[in-house]
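Heads up, the thing below is written out as structure tokens.
The values are calculated or read from the model by the stated rules, or taken from the named source; none is laboratory data. Predicted model, so just to flag it, every value in this text is computed and none were measured. Cβ atoms come from the backbone with ideal geometry, glycine included; neighbour counts cover every protein chain shown. For the accessible areas, the whole protein counts, side chains as well, though only heavy atoms, and no ligand, DNA or RNA atoms are used. Shrake-Rupley method; radii C 1.70, N 1.55, O 1.52, S 1.80 Å.
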Amino acid sequence: MTVVLIHGGGATGGFWDRLLPYLDHEPLAVDLPGRRSRPADLARLTVDAEVASVVDDIEAGVDGGSITLVAHSSGSLVVPGVTAALGGRVRAIVLNAALVPVEGGCGIDCMQERHRDGLRLAVDSAARDGRTITLPPPADPEASRRAYGGDPLDDATLAFVLDPARSVEDTVHHYFQPVHWSATAGVPITYVLNESDRPIRPEMQEVMVQRLPPPVEVIRLDSGHLLPVTSPVVFAEIVNRVAR
């Protein structure tokens, strides 16, 4: 069994660095396109291109065997495509604060209303001007300390999260791409729901859980958005149990 870790928005595979020592199975923390050694045109990056990149990394780095996919936040948008591409090799899925649009819907539909509307306006305005936009990394470290919900990040955790090796410019284009969770039907899914999450509100997570095809297990924890960073032992225990 290999545990394949898929980071969320504005992050890299380094997002999982605190989690890795506590995993029982061999991990593969991928970088989505546009990060570190994965150059890409962020302004036009699609979910399909991200799926292809993850599949390539798995085929290059995993010598056969079963796979547990673990995805955080918007990293979940590639999970259905990766599952379909790998066929029966994906034996389980673990999601944390994950975006789950309706069948054939897009990631932007899972955002808070003010974020969703603001992003649509920005993209439309840029298109009228012949421009494209991307999302820059946070400019104000202190604002990030409380941005994720839960307890404020301590100095070491804030530095970890905002390290340029982990905090990067990101695409918005993939939020406008259709996703089909029906591709995961029959694969056991564990959704870890963060009850103190600010970016992905818990009430929206509750809605999104209902969109997943069965079988689905829901684990609710009093955590902000960055559970694998702030409580890596807790999250690792869940992953290890599922992957066992």
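In this Cβ point-charge picture (+1 for Lys and Arg, -1 for Asp and Glu), the chain has a dipole of about 260 debye about its Cα centre. Placing one equal scatterer on every Cα of segment 1-50 and applying the Debye formula, the log10 ratio I(q)/I(0) at q = 0.13, 0.28 Å⁻¹ is -0.34, -1.09. In the context of the full set of protein chains, segment 110-244 has a per residue accessible area of 51 Å² (1.4 Å probe).
Plainly put, segment 156-225 has a radius of gyration that is 1.04 times its Kirkwood radius, both from alpha-carbon atoms, as the Rg/Rh ratio. Gly61 sits among other residues whose Cβ lies under 14 Å from its own Cβ, and their net charge, with Lys and Arg +1 and Asp and Glu -1, is -4.
Quick one: net charge of Arg220's neighbours, Cβ under 10 Å, K/R +1, D/E -1? Mind dumping the intermediate values first?
Numbers: positive: none; negative: Glu195, Glu206, Asp222.
Within the 10 Å Cβ shell, the charges total -3.
Look at where the Cα atoms of segment 202-229 and of segment 1-44 average out, and the two centres are 20 Å apart. Helices assigned as whole DSSP H runs in the chain whose Cα atoms extend at least 20 Å along their own long axis and whose mean Kyte-Doolittle hydropathy is -0.5 or higher are found at 47-61. Dividing the Cα radius of gyration of the chain by its Kirkwood radius returns 0.93 for Rg/Rh.
For segment 130-175, the fraction of C-alpha pairs farther apart than 15 angstrom is 51 percent. The share of accessible area on the chain that comes from carbon and sulfur is 51 percent, using a 1.4 angstrom probe.
Taking a quarter of the surface of the Cα convex hull of segment 79-165, what do you get in nm²? Working shown, then result.
Working: hull surface 36.0 nm².
Averaged projected area of segment 79-165's Cα convex hull equals 9.0 nm².
In segment 98-236 the Cα-Cα distances spread across 5 Å bins starting at 0 as 2, 9, 15, 18, 19, 18, 12, 5, 2, 0 percent of all pairs.
The local environment of Val229, defined by Cβ-Cβ distances under 10 Å, has a net charge of +1 under the rule Lys, Arg +1 and Asp, Glu -1.
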